[in-house]
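Asker: The structure follows.
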Amino acid sequence: MKPHYMITTPIYYVNGAPHVGHAYTSIAADVLARFKRLDGYDVFFLTGTDEHGQKVEQAAQDKGQSAQNFATMVSAQFRNMADQLNISYNDFIRTTEERHVKSCQALWQKIADAGHIYLGAYEGWYSLRDECYYGEDELTTAEDGSKIAPTGAEVKWLKEPSYFFKLSAWQDKLLEFYEQHPHFIGPESRRNELLSFIKSGLRDLSVSRTSFKWGIPVPGDDDHVMYVWFDALTNYISALGYPNIENSDLWRFWPADLHLVGKEISRFHALYWPAFLMAAGLEVPKRIYSHGWWTVEGEKMSKSVGNVIEPLKLVEEFGLDPVRFFLLREVPFGGDGDYSRQALINRMNNELANDLGNLAQRTLSQVMRNCEGKLPEIGQRNQDDEALLSKAILLPILLREQMDRQALHESLETIWKIIRASNAYIDHQAPWTLKKTDLERMNVVLRVLVDTLRIIATCLQPFMPGAMDKLLTQLGVTESERQLSDLETLIPAGRELPAPSGIFPRFIEAE
RNA sequence: GGCGGCGUAGCUCAGUGGUAGAGCAGGGGAAUCAUAAUCCCUUGGUCGGUGGUUCAAAUCCGCCCGUCGCUACCA
């Protein structure tokens, strides 16, 4: 039986259109999912949209639409983006779906029955205009002594009934859990933040609202809707059939292996979610990994500055695989990064077109011309040949370890080292000279290059599925020979290769 | 304010006690199979400052400066 692996993106909030940050999370998750499949795992890759809450209600109202219609429209945009980006999700869940509503209510009931939810009152400084509460330290005091919100709105001390989750009771259990699972949160810096947050003392969490209606009703109390995070986080088990886990074929994927999230929502996943699950007697996910944020040409991305990068426009101009590559190559995964047009073009031209694309082209065109377009015999290899191949064949082993740490940039760097070594190899061996002096040796060299390229292309499939499909076809690798495990078997000599054509054209800036 | 991260070549960063590294950018050369792509060599840093521990510190400790993040219910 195949080992299984469950990976998720956050469900995206539908109060605005998708931007490059959403695309980034999805692409990274997709690479990890595809890598695990490549490595023989049975993968469940979940994504979707988060559709409840006051902001959606408000955004819909501004457009004169019902919340449901508005959410459906924006959700479709996210789904379209995922499809355009070639995201290989197994399920796309929406929090307005019946299966999710039932799942949330069941989870709530389970936690309530276990005595971890109680009815209390939430109080604080509330701004009627901003429709939200502010903390004491965010407020300024006006001349007449009244309190003013950061937005300039007036605030009043308000008290509303609310259900609370007994988060404070879980403080010690959570700390114990983090100590027993040092790799539960990544990267390391997020773990430190979270630990210091918990150690400063946990308060009970308000998990229902009465101030708006667009949400999942609390079981047995229709005046309340669930706190959006309780609603949103539950999606991960809704998709697996919760609460009907006895009859669900998918429940075997729980606990999830990885929740990939943006750093801004690290705490919700690493703290509240485990607490909810523990309270419900369910297993806790194995790992939460937070990636960083993108700036644009050195500036923070914002609607008012007008520098928001729309992923589909990037794809339209540069092509999908170069964009996927750039996003994962440019920045250490887990840290923040900067998008710049020039940096993208440099990566495209230097690394895709020159290093890899040209390597494939120069190798394959010689095979085509000098080997009658057929894969040469393996022949008698010398030390140089073995040196290159032995490094290349280690790639899957190195990649497995890196992918399990979500060190996607390291994987690409590791692969690029082999690509550079291959370019050095072809120059030093100079098969174009051997053609005149030693045909047998020329065949060996070209064969070494084709075999090395096959390993490279196989390993790069998760990052650039479209381009690598094309390259593998040119290398004579059939679709049933593209798993990591297939690398153990060499392609038989004599196989006819199709005529090569460029995989990564250089990008020339229009005048 | 408290806690934590970071500060290494022009740029982006790797390097956690023992003669300063990579990629890109810059300079010189080789080659001509290839998407004028590639390969080889090379310029360049008193590793933020300062005091200390040590035979030896970018690497450990103190202080200072700069910068960034977290500091709860507004995704």
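The values are calculated or read from the model by the stated rules, or taken from the named source; none is laboratory data. Note that the coordinates shown come from a computational prediction; the quantities given were computed from them, not determined experimentally. All Cβ positions, even for glycine, are placed from backbone atoms using ideal geometry, and neighbour counts span all protein chains on display.
Asker: For residue A:170, which of the numbered conditions (1) in a loop (DSSP other than H, G, I, E, B); (2) touching a helix residue (DSSP H, G or I) at 6+ places or on another chain (Cβ under 8 Å); (3) more than 30 Å from residue A:333 (Cα to Cα); (4) at pLDDT 85 or above fails to hold?
Answerer: Answer for residue A:170: the failing condition is (1).
Asker: Hey, could you check region A:49-69 for residues that are of a type outside the set (S, T, N, Q) and in a helix (DSSP H, G or I) and say which is farthest from residue A:254 (Cα to Cα)?
Answerer: A:62
Asker: Looking at region A:343-355 only, could you name the residues that are of a type in the set (A, V, I, L, M), under 25 Å from the mean Cα position of the chain (by Cα) and near RNA strand B (Cβ under 8 Å from one of its atoms)?
Answerer: Selection gives A:352 alone.
Asker: All but one of (1) more than 26 Å from residue A:346 (Cβ to Cβ); (2) part of a loop (DSSP other than H, G, I, E, B) hold for residue A:505, so report the exception by its number.
Answerer: (1)
Asker: Next question. Taking residue A:308 and the conditions (1) in contact with a Leu (Cβ under 8 Å, 6 or more places away or on another chain); (2) in a loop (DSSP other than H, G, I, E, B); (3) of a type outside the set (Lys, Arg), which numbered condition does it fall short on, given that it satisfies the others?
Answerer: Failing condition for residue A:308: (1).
Asker: Just to verify a result, which residue in region A:318-342, among those that are assigned to a helix (DSSP H, G or I) and within 12 Å of RNA strand B (Cβ to nearest atom), is farthest from residue A:262 (Cα to Cα)?
Answerer: Ranking the candidates gives A:342 first.
Asker: Is it the case that some residue within region A:383-392 is closer than 20 Å to residue A:27 by Cβ and touching a Phe, Trp or Tyr at 6+ places or on another chain (Cβ under 8 Å)?
Answerer: The answer is no; no qualifying residue exists.
Every residue, every condition in (1) at pLDDT below 90; (2) within 9 Å of RNA strand B (Cβ to nearest atom); (3) within 19 Å of residue A:273 (Cα to Cα), yes or no:
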residue: A:101; (1), (2), (3): no, no, yes
residue: A:109; (1), (2), (3): no, no, yes
residue: A:114; (1), (2), (3): no, no, yes
residue: A:120; (1), (2), (3): no, no, no
residue: A:154; (1), (2), (3): yes, no, no
residue: A:186; (1), (2), (3): yes, no, yes
residue: A:202; (1), (2), (3): no, yes, yes
residue: A:208; (1), (2), (3): no, no, yes
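Asker: Quick check on residue A:312: is it of a type in the set (A, V, I, L, M, F, W, C) and farther than 19 Å from residue A:502 by Cβ?
Answerer: For residue A:312, the condition - of a type in the set (A, V, I, L, M, F, W, C) and farther than 19 Å from residue A:502 by Cβ - is met.
Asker: Just to be sure, is residue A:310 more than 11 Å from RNA strand B (Cβ to nearest atom), among the acidic types (Asp, Glu), surrounded by fewer than 18 Cβ atoms within 10 Å (Cβ to Cβ) and without any contact (Cβ under 8 Å) to a residue 60 or more places away in the chain?
Answerer: So residue A:310 does not fit the description; no.
Asker: Moving on. Name the single residue that is nearest to residue A:261 (Cα to Cα) among those in region A:157-171 being surrounded by 11 or more Cβ atoms within 10 Å (Cβ to Cβ) and more than 10 Å from RNA strand B (Cβ to nearest atom).
Answerer: Top of the filtered list is A:170.
Asker: Pairs under 7 Å by beta carbon, first residue free of Cβ contacts under 8 Å to residues at least 60 places away in the same chain and more than 18 Å from residue A:22 (Cβ to Cβ) in region A:62-90, partner surrounded by 14 or more Cβ atoms within 10 Å (Cβ to Cβ) and of a type in the set (S, T, N, Q), six or more apart or different chains?
Answerer: Filtered contacts from region A:62-90: A:68/A:96.
Asker: Give the number of residues within region A:266-305 that are among the hydrophobic types (A, V, I, L, M, F, W, C), within 15 Å of RNA strand B (Cβ to nearest atom) and not in a helix (DSSP H, G or I).
Answerer: 5
Asker: Tally the residues that are surrounded by 13 or more Cβ atoms within 10 Å (Cβ to Cβ), within 16 Å of the chain's Cα centre (by Cα) and not aliphatic (A, V, I, L, M), restricting the search to region A:46-83.
Answerer: Selection size over region A:46-83: 5.
Asker: Is it the case, given these coordinates, that residue A:46 is within 30 Å of residue A:322 (Cβ to Cβ), touching a strand residue (DSSP E or B) at 6+ places or on another chain (Cβ under 7 Å), in contact (Cβ under 8 Å) with a residue 40 or more places away in the chain and part of a helix (DSSP H, G or I)?
Answerer: no
Asker: Those residues that are farther than 15 Å from residue A:163 by Cα and out of contact with any strand residue (DSSP E or B) (no Cβ under 8 Å at 6 or more places or on another chain), I need them from region A:196-239; list them, please.
Answerer: A:196, A:197, A:198, A:199, A:200, A:201, A:202, A:233, A:234, A:237
Asker: If a residue must be surrounded by fewer than 13 Cβ atoms within 10 Å (Cβ to Cβ) and under 25 Å from the mean Cα position of the chain (by Cα), how many such residues does region A:184-202 contain?
Answerer: Here the count works out to 2.
Asker: To continue, here is another question. Looking at region A:217-228, is at least one residue within 11 Å of RNA strand B (Cβ to nearest atom), assigned to a loop (DSSP other than H, G, I, E, B) and free of Cβ contacts under 8 Å to residues at least 24 places away in the same chain?
Answerer: The answer is yes; a qualifying residue exists.
Asker: Still on this structure, I have one more. So how many residues does region A:420-438 have that are of a type in the set (A, V, I, L, M) and free of Cβ contacts under 8 Å to residues at least 24 places away in the same chain?
Answerer: 3
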